[in-house]
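Trainee: I'd like to ask some things about the structure below.
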Ligand SMILES: Nc1ncnc2c1ncn2[C@@H]1O[C@H](COP(=O)(O)OP(=O)(O)OP(=O)(O)O)[C@@H](O)[C@H]1O
Ligand SMILES: [Mg+2]
């Protein structure tokens with residue numbers, strides 16, 4: 001079999017091909033040839049190691065088809081058949097490149113229990129950190145001639161900007177992560193002579209972008225976060241060390257229900273000037289509602305909780321609660337945690353969060369979050385704008401903790417604003433002599 005693979009790798013692509021680290025990222029600016037290199041590397045690995053199992057992922061199905069299935073079909077035509085039902089290229093030597101997507105947060109579970117020697121995340125910044133973490137649990141190998149590897153291509157911006165930047169740019173490693181396992185190859189459009197030759201205007205297109213996008217897409221700068229929803233979130237301002245909160249402060253809870261998606265419960269306390277502290281979080285995946293209710297009750301022992309608001313889906317009747325026909329709210333109520341439906345108006349709710357983050361009259365914000373609420377702190381700055389509604393949060397974001405925050409804040413009255421005395425008029429509608437706006441015709 002002879003395959004005519006078009007193109008010769010440019011020097012950066014060669015570095016990508018040769019990298020042997022456990023995690024290899026190729027990213028930065030647009031158009032450098034990252035996707036080409038990812039596809040080609042996968043094909044080379046599949047031919048080189050018989051029986052290799054590879055998974056190439058993109059966040060959504062249309063992107064996957066457009067960027068990988070069609071180009072690979074062209075590149076492998078006549079040599080490697082594509083099995084549409086499996087969505088996989090089946091190589092004559094037993095290797096397999098499976099193409100996948102994880103549109104919704106919970107779509108990663110379709111890969112549970114599977115084993116892939118190689119995983120590739122195309123546009124890795126489009127994946128949430130939890131998706132990446134879960135997918136890596138499937139990146140393992142029993143072979144003696146190959147150690148499992150993950151490849152990432154990425155541009156700055158997107159819901160996964162923060163974790164890609166932490167691992168590959170800031171190189172800030174936690175727990176068992178080891179610096180030597182991570183390699184980053186910076187991409188520039190100028191690395192790709194094929195593109196510059198075929199489409200000379202592409203460079204001009206990048207140069208003409210607004211400054212923050214130009215920095216990201218032309219220079220590959222990771223310090224701009226295009227599309228971040230809560231730019232006002234600042235760890236040094238909004239995150240505080242836990243302190244003992246007076247028992248007499250009003251306390252309440254808010255929950256964003258989820259089973260496959262994480263379920264998040266937040267605990268709130270209201271201080272004297274209306275300052276709101278988020279002092280505890282529970283963030284659990286695939287946990288029965290009865291178990292969550294039990295944990296919530298246990299954690300709240302000794303505290304007087306005024307109420308618990310929850311996402312409206314907790315009132316749907318479904319089987320996942322462990323008992324057919326019961327709603328999540330029924331199960332919580334039976335287990336001693338009565339729920340009330342949260343105000344689910346999205347845009348006003350996010351606006352309420354924004355107000356709580358903004359500095360108040362004394363220069364400090366209404367909201368403070370204990371540093372123990374790790375998932376809220378991790379995900380709040382990663383929310384991005386919805387592509388179709390400039391006022392809403394994208395539903396591709398990992399938004400469970402921020403949703404619980406939104407429900408909690410919406411259950412509280414807005415802080416009283418100092419009134420402008422000049423704007424307040426005395427008006428007695430029963431007295432003809434009383435005219436709040438003298439001179440207005442008709443009053
Ligand atoms: N070594 C190469 N030989 C031939 N063509 C190439 C090579 N590298 C890239 N190309 C072509 O250049 C174009 C841009 O490459 P590619 O899509 O891989 O860039 P990218 O970095 O993934 O871009 P984006 O940032 O937009 O995702 C594509 O048409 C691709 O086929
Ligand atoms: Mg690409």
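Trainee: Can you tell me the length gained on complete extension of the stretch residue 371 to residue 82, counting 0.36 nm per residue apart and subtracting the Cα distance? Kindly include the intermediate steps, with their values, before the conclusion.
Mentor: Details: separation 289, 0.36 × 289 = 104.04 nm, distance 4.91 nm.
Gain on extension, residue 371 to residue 82, equals 99.1 nm.
Trainee: For helix 400-410, report the angle its Cα long axis makes with the longest principal axis of the Cα atoms of the chain; keep it between 0 and 90° and round to the nearest 10°.
Mentor: The two axes meet at around 20 degrees.
Trainee: Which angle between 0 and 90 degrees, to the nearest 10, do you get for helix 289-299 versus the longest principal axis of the chain when only C-alpha atoms count?
Mentor: Result, in degrees: 60.
Trainee: Using label points projected 7 Å from each Cα along Cα→Cβ, tell me how many nm separate residue 170 and residue 93, to one decimal.
Mentor: Between residue 170 and residue 93, the label points sit 4.1 nm apart.
Trainee: What nm value, rounded to one decimal, do you get for the distance between residue 241 and residue 183 when each label is placed 7 Å out toward the C-beta?
Mentor: 4.2
Trainee: Please list, short to long, the whole-number percent of alpha-carbon pairs of the chain in consecutive 20 angstrom bins beginning at zero.
Mentor: All Cα pairs, binned at 20 Å, distribute as 22, 46, 26, 6, 1 percent.
Trainee: Angle between the Cα long axis of helix 346-357 and the longest principal axis of the chain, 0 to 90 degrees, nearest 10?
Mentor: 80
Trainee: Then there's this: With both bridge residues required to lie in the range 235-410, what share of the DSSP beta bridges run antiparallel, to the nearest 5%? Walk me through the numbers on the way to the answer.
Mentor: Values: 18 of 29 bridges.
Once the DSSP bridges in the range 235-410 are tallied, antiparallel ones form about 60 percent.
Trainee: Can you work out the PRE-style zone for residue 249? Point 7 Å along Cα to Cβ, and I want the residues of the range 286-304 with backbone N under 17 Å.
Mentor: Counting backbone N atoms under 17 Å from the label point, the list is 300-304.
Trainee: At a 10 Å Cβ-Cβ cut-off, how would you order 406, 166, 251, fewest neighbours first?
Mentor: Working: 406 27, 166 15, 251 20.
Going from least to most buried by this count: 166, 251, 406.
Trainee: Using a simple spin-label model with points 7 Å from Cα along the Cα→Cβ vector, what separation in nm is obtained for residue 286 and residue 137?
Mentor: Label-label distance for residue 286 and residue 137, simple model: 0.5 nm.
Trainee: Consider a paramagnetic label point 7 Å from the Cα of residue 14 along Cα→Cβ; state which residues of the range 132-156 have an amide N under 17 Å from it.
Mentor: None, by backbone N distance to the label point.
Trainee: Shifting gears a bit: Given the chain, what percent of its DSSP beta bridges are antiparallel, to the nearest 5? Provide the component values of the computation, followed by the final result.
Mentor: Working: 24 of 60 bridges.
Here the antiparallel bridges make up roughly 40 percent for the chain.
Trainee: Could you tell me whether the range 1-86 comes out rounded, prolate or oblate from its Cα gyration tensor? Rule is a ≥ b ≥ c as square roots of the eigenvalues, rounded for a/c under 1.5, then prolate if a/b exceeds b/c, otherwise oblate.
Mentor: Values: a/c = 1.45, a/b = 1.21, b/c = 1.19.
Judged from the Cα gyration tensor, the range 1-86 comes out rounded (a/c under 1.5).
Trainee: Starting from 0.36 nm per residue, how many nanometres of slack lie between residue 313 and residue 273 once their C-alpha separation is accounted for?
Mentor: Numbers: separation 40, 0.36 × 40 = 14.40 nm, distance 3.30 nm.
Between residue 313 and residue 273, full extension yields 11.1 nm more.
Trainee: For a Förster distance of 35 Å, can you work out the FRET efficiency between the beta-carbons of residue 146 and residue 110, rounded to the nearest 0.05? Walk me through the numbers on the way to the answer.
Mentor: Details: r = 24 Å, r/R0 = 0.68.
Approximately 0.90, to the nearest 0.05.
Trainee: Sort 247, 309 by Cβ crowding within 10 Å, fewest neighbours at the top.
Mentor: Values: 247 10, 309 23.
In increasing order of surrounding Cβ atoms, one gets 247, 309.
Trainee: Running a GNM on the chain with Cα contacts under 10 Å, which residue among 248, 123, 281 ends up with the highest mean-square fluctuation?
Mentor: Evaluated over the chain, the most mobile residue of the options is 248.
Trainee: Next question. When the helix-only estimate is applied to the chain (DSSP H runs of n ≥ 4, each -39,500 (n - 2.57), divided by the residue count), what is the mean residue ellipticity at 222 nm, nearest 500 deg cm²/dmol?
Mentor: -7000 deg cm²/dmol
Trainee: May I ask you to compute the full-extension gain from residue 66 to residue 2, defined as 0.36 nm times their residue separation minus their alpha-carbon distance, rounded to one decimal in nm? Provide the component values of the computation, followed by the final result.
Mentor: On the way: separation 64, 0.36 × 64 = 23.04 nm, distance 2.55 nm.
Roughly 20.5 nm would be gained on extension.
Each reported figure results from applying straightforward, stated rules to the coordinates on display, with no laboratory input. Predicted model only: the values in this text are computed from it and were never measured. FYI the Cβ positions are ideal-geometry reconstructions off the backbone, even for glycines, and counts take in every protein chain you see.
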